[in-house]
1. Would you confirm, using the coordinates I've provided, whether TYR86 is aromatic (Phe, Trp, Tyr), in contact (Cβ under 8 Å) with a residue 12 or more places away in the chain and in contact with a helix residue (DSSP H, G or I) (Cβ under 6 Å, 6 or more places away or on another chain)?
2. When you look at ILE118, is it more than 21 Å from LYS3 (Cα to Cα) and surrounded by 14 or more Cβ atoms within 10 Å (Cβ to Cβ), yes or no?
3. If you check GLU183 against the conditions, is it surrounded by fewer than 22 Cβ atoms within 10 Å (Cβ to Cβ) and within 20 Å of THR18 (Cβ to Cβ)?
4. Is there a residue being aromatic (Phe, Trp, Tyr), in contact with a Leu (Cβ under 8 Å, 6 or more places away or on another chain) and either more than 24 Å from PHE163 (Cβ to Cβ) or assigned to a strand (DSSP E or B) (or both) anywhere in the stretch 41-52?
5. Scan the stretch 63-77 and give yes if some residue there is within 16 Å of ILE127 (Cβ to Cβ) and in a loop (DSSP other than H, G, I, E, B), otherwise no.
6. Suppose the filter is surrounded by 13 or more Cβ atoms within 10 Å (Cβ to Cβ), within 14 Å of the chain's Cα centre (by Cα) and closer than 19 Å to ILE128 by Cα; does THR43 pass it?
7. Right, PHE102: of a type in the set (Phe, Trp, Tyr), modelled with pLDDT of 95 or more and over 27 Å from ASP57 (Cα atoms) or not?
8. Count, please, the residues in the stretch 1-35 that happen to be part of a loop (DSSP other than H, G, I, E, B), modelled with pLDDT under 90, among the aliphatic types (A, V, I, L, M) and touching a helix residue (DSSP H, G or I) at 6+ places or on another chain (Cβ under 7 Å).
Amino acid sequence: MKKFLLATHNKGKLREITEILNNRYELSPPPPDYIAPPETGTTFKENAFIKAKALHDKYKTPVIADDSGIIVPSLNNEPGIYSARYAGKNAIDEENNQKLLFELENKQNRDAYYECVICCILSEEDIIFSNGKCYGTISKTYAGGNGFGYDPYFIEKSTGISFGNLAPNIKNEISHRALALKELKRLLEGKNF
């Protein structure tokens, strides 16, 4: 079975990526001594590449890194790449959610979308990018304990259900990360590594 290191210590991301890809690839988190590089990019694509390259350079093995977040057009596309640290560098999910709700307090338009960009480095010469988006709105109330991040407040458009209330198997079919991973699987077909 082909092996990848995943460039994340985020348990929610590790679980989701493993559930979506585990039937085809063996996935492992980074070794305990690995320290993620600063995310200095200005886009999800740049940050995904920064994370993937740092991990690949250190361990010389195929890697997968993603960068993702939630985008609210009525807030000038915030939080975007700052989704995980919207309320501050060490903010927890609830602090980020409360800041988002506060910023949306007087907004009529609560449309939002999640975006995920994946960078997969098989070798120095073989770098693959894939992406996915999932559309919805931001609810005023917490709904469901599944998922992580902004999931309890994100009402997915096609189902009308919050990501916090969606069964994991359904979320793993329609989420931004699922769509990016499905594209990645397609792009990896026939690759030798």
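The values are calculated or read from the model by the stated rules, or taken from the named source; none is laboratory data. Note that the coordinates shown come from a computational prediction; the quantities given were computed from them, not determined experimentally. Don't worry about glycine lacking a Cβ; one is built from the backbone with ideal geometry, like all the others, and counts go over all protein chains shown.
1. Details: aromatic (Phe, Trp, Tyr): yes; in contact (Cβ under 8 Å) with a residue 12 or more places away in the chain: yes; in contact with a helix residue (DSSP H, G or I) (Cβ under 6 Å, 6 or more places away or on another chain): yes.
Spelling it out, TYR86 is indeed aromatic (Phe, Trp, Tyr), in contact (Cβ under 8 Å) with a residue 12 or more places away in the chain and in contact with a helix residue (DSSP H, G or I) (Cβ under 6 Å, 6 or more places away or on another chain).
2. No, not satisfied.
3. Numbers: surrounded by fewer than 22 Cβ atoms within 10 Å (Cβ to Cβ): yes; within 20 Å of THR18 (Cβ to Cβ): yes.
It is true that GLU183 is surrounded by fewer than 22 Cβ atoms within 10 Å (Cβ to Cβ) and within 20 Å of THR18 (Cβ to Cβ).
4. no
5. no
6. Working: surrounded by 13 or more Cβ atoms within 10 Å (Cβ to Cβ): yes; within 14 Å of the chain's Cα centre (by Cα): yes; closer than 19 Å to ILE128 by Cα: yes.
Taking the combined requirement at face value, the residue satisfies it.
7. On the way: of a type in the set (Phe, Trp, Tyr): yes; modelled with pLDDT of 95 or more: yes; over 27 Å from ASP57 (Cα atoms): yes.
In short, yes.
8. 0
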